[in-house]
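Below is one structure, written out as structure tokens; comments come after it.
The values are calculated or read from the model by the stated rules, or taken from the named source; none is laboratory data. All of these numbers come straight from a predicted model, not from anything done at the bench. Using ideal geometry, Cβ is built from the backbone for each residue, glycine included, and neighbour counts are taken over all protein chains shown.
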Amino acid sequence: MKSLAIAFLPAALLAINTSAAFASDVEFTYSRADLASSSRIAALYERIEEKADKACNVYQNSGLFAVDYKKACAAVLTEELVDGIDNERLTALHEAQNADRLATNR
């Protein structure tokens with residue numbers, strides 16, 4: 001698989017193999033059923049965020065650099081995964097989540 005390429009696998013599974021600027025190669029697999037309803041899309045988005053957090057958790061300390069690095073890495077990786085899936089409702093949820101985070105941080 002190429003970086004951010006979506007390959008159709010047997011049993012209608014889709015996989016994304018991405019390499020964020022900060023993380024090593026990350027593979028994320030989902031099915032078309034994950035995009036069937038709003039609740040499933042929300043659950044899929046949670047899985048994406050969890051995958052990004054785990055992939056970017058490269059530092060064991062809690063220094064400011066490590067925290068900033070992890071947040072930036074997870075944000076980039078989440079964006080790449082959402083873009084790679086290329087689903088309008090998932091993208092809208094991602095944009096809404098980012099808008100909420102920006103409003104909270106102000």
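Within the stretch 65-75, none of the residues are in contact with a His (Cβ under 7 Å, 6 or more places away or on another chain), at pLDDT 90 or above, within 21 Å of F28 (Cβ to Cβ) and part of a helix (DSSP H, G or I). The number of residues in the stretch 76-95 that are under 12 Å from I48 (Cβ atoms) and free of Cβ contacts under 8 Å to residues at least 12 places away in the same chain comes to 1.
Scanning the stretch 13-62 for residues that are assigned to a helix (DSSP H, G or I), of a type in the set (S, T, Y) and either touching a helix residue (DSSP H, G or I) at 6+ places or on another chain (Cβ under 6 Å) or at pLDDT below 60 (or both) yields one hit, Y45.
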